[in-house]
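S.K.: Can you keep this structure in mind? I'll have questions shortly.
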Amino acid sequence: MIEVVASMARGPVFLAGELMECLITFTNPMSHLSTSATSEMLAWASAQIHCQFHASESRVALPVQGIKQDVQAESDTVLIPSRDSYNEMVPADGPPSFRGQSVKYVYKLTIGCQRVNSPIKLLRVPFRVLPLFPQDEEVSPLNPFLEEDEASRRDARPLERALDMLMVTTSRRYPHMFNITNIRGKVAKFCIFKTVYRLGEEVIGTFNFSEGDIPCLQYSVSLQSEEEIQTQYQRRPGQAVSVTGHGRHLESCLHTASSHFSLPVPLNVTPGFSTDIVSLRWRLHFEFVTAREPMEPPTVLPNQSEVTVWTGAEQVDVDTFSWDLPIKVLPTNPALASYVSQFTGTNSINI
């Protein structure tokens, strides 16, 4: 028997285009009574990255080759045991890991191996891929005191450059102001300081109801993702977009001057991306319940000593309306996302 153990030391989450390294060890756990005659011999071993694609037959119309495909890395993936570890570049143009209602992209490292005169065994190590953030400008501060070779080494680190760009883009803040209105007039003023977030950040917004003409009784804010199949692959013309909620804030706000909400972007969701088959977008979905008639707030007379109890109206004629605000959700540092990953990055098998 030979034990095969595969371990991704840095964790099971990677950016597309990043170099993945996996330590693969082969051990022959012989007892002290064993001899060289009872030792096992490894005939061969091979490792390869696979992206497995699944599509819902009721939602996606794919070409005749079927709805289940394997996408393999286009490079030499034969494992050479003397190197001690397996290195492979995660395809930069591949889709991210995604488990949607219509489409799924699942990544795994597949290790095939065989003992002499024994059947072939496969060891699979699942991992997660985050989409590569586009790098269309220089974001790292230039240092004129760097030596040329050191500067070139910095430029050769795509992961560091991508993370620098990510931090700069998601750190830009300036107030975006919106007037919330319906057919009867102004309800509130809404302020949000940015519309681009990375995984793990909190979406924070504030409402100013004192500037409104229409009483707002209640509002809710939901963080949602929209999964849309590209037109040529839709099963039915005008097929509806699949919406998934990832958090909701609900608050009663009658006679409230101001209010705010905070919605965390989970670390385990998929950032926005687009492929030939599907696109994923993010938005904030707002719902408001407003009164049709003015509602006077409770009053307290000057120098009033007795306790006053205010009872809300038993019946109020209301209007409801909704509003969607598109936002962008970008990836985060893969090491941070590894903390909440369902994968361990380590797996083993006996052959």
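The values are calculated or read from the model by the stated rules, or taken from the named source; none is laboratory data. All values derive from a computational prediction rather than experimental measurement. Methodologically, a virtual Cβ is constructed for each residue, glycine included, from the backbone with ideal geometry; neighbour enumeration extends over all protein chains shown. Areas reflect the complete protein model, heavy atoms only, side chains present, ligands, DNA and RNA absent. Shrake-Rupley method; radii C 1.70, N 1.55, O 1.52, S 1.80 Å.
Yes/no matrix, rows are residues, columns are (1) open to solvent by 60 Å² or more (accessible area, probe 1.4 Å); (2) in contact with a helix residue (DSSP H, G or I) (Cβ under 9 Å, 6 or more places away or on another chain); (3) under 30 Å from S102 (Cα atoms); (4) modelled with pLDDT of 80 or more:
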| position | (1), (2), (3), (4) |
| --- | --- |
| E3 | yes, no, no, yes |
| S7 | no, no, no, yes |
| M20 | no, no, yes, yes |
| A73 | no, no, yes, no |
| P81 | yes, no, no, no |
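S.K.: Further, regarding this structure: Here are the criteria: (1) touching a residue at least 12 places away in the same chain (Cβ under 8 Å); (2) part of a loop (DSSP other than H, G, I, E, B); (3) of a type in the set (S, T, Y). Tell me which single one T308 does not satisfy.
M.R.: The failed condition is (1).
S.K.: On to the next question. Just the residues that are open to solvent by less than 60 Å² (accessible area, probe 1.4 Å) and under 30 Å from T181 (Cβ atoms), please, taken from the stretch 281-314.
M.R.: Result: W282, R283, L284, H285, F286, F288, V289, T290, A291, M295, G312.
S.K.: Evaluate the stretch 118-133: report whether one residue or more is at pLDDT below 85 and either under 30 Å from N28 (Cα atoms) or surrounded by 11 or more Cβ atoms within 10 Å (Cβ to Cβ) (or both).
M.R.: Yes: one or more hits.
S.K.: Which pairs do you get when a residue that is in the same structural domain as S102 (by the TED database) and aromatic (F, W, Y), found in the stretch 46-75, comes within reach of a residue that is at pLDDT below 90 and open to solvent by less than 70 Å² (accessible area, probe 1.4 Å), reach meaning Cβ atoms under 6 angstrom, with the pair 6+ apart or on two chains?
M.R.: Taking only residues 6 or more apart or on different chains, the pairs are F53/Q69.
S.K.: Counting just the residues of the stretch 332-351 that are hydroxyl-bearing (S, T, Y) and assigned to a loop (DSSP other than H, G, I, E, B), which one comes out least open to solvent (accessible area, probe 1.4 Å)?
M.R.: T332
S.K.: Tell me yes or no: at least one residue of the stretch 164-176 is more than 18 Å from the chain's Cα centre (by Cα), assigned to a strand (DSSP E or B), buried (at least 18 other Cβ atoms within 10 Å of the Cβ) and of a type outside the set (A, V, I, L, M).
M.R.: Scanning the stretch 164-176, I find no residue that is more than 18 Å from the chain's Cα centre (by Cα), assigned to a strand (DSSP E or B), buried (at least 18 other Cβ atoms within 10 Å of the Cβ) and of a type outside the set (A, V, I, L, M), so the answer is no.
S.K.: If I filter the stretch 211-244 down to residues being surrounded by fewer than 15 Cβ atoms within 10 Å (Cβ to Cβ) and small (G, A, S), which single residue comes out as farthest from F288 (Cα to Cα)?
M.R.: Across the stretch 211-244, the extreme among qualifying residues is G238.
S.K.: Continuing with the same structure: Keeping to the stretch 245-267, report how many residues are under 30 Å from A61 (Cα atoms) and either outside the structural domain of F321 (by the TED database) or surrounded by 15 or more Cβ atoms within 10 Å (Cβ to Cβ) (or both).
M.R.: Number satisfying all stated conditions: 1.
S.K.: Exactly one of (1) at pLDDT 95 or above; (2) farther than 30 Å from N182 by Cβ; (3) not hydrophobic (A, V, I, L, M, F, W, C) is unmet by P326. Its number?
M.R.: Answer for P326: the failing condition is (2).
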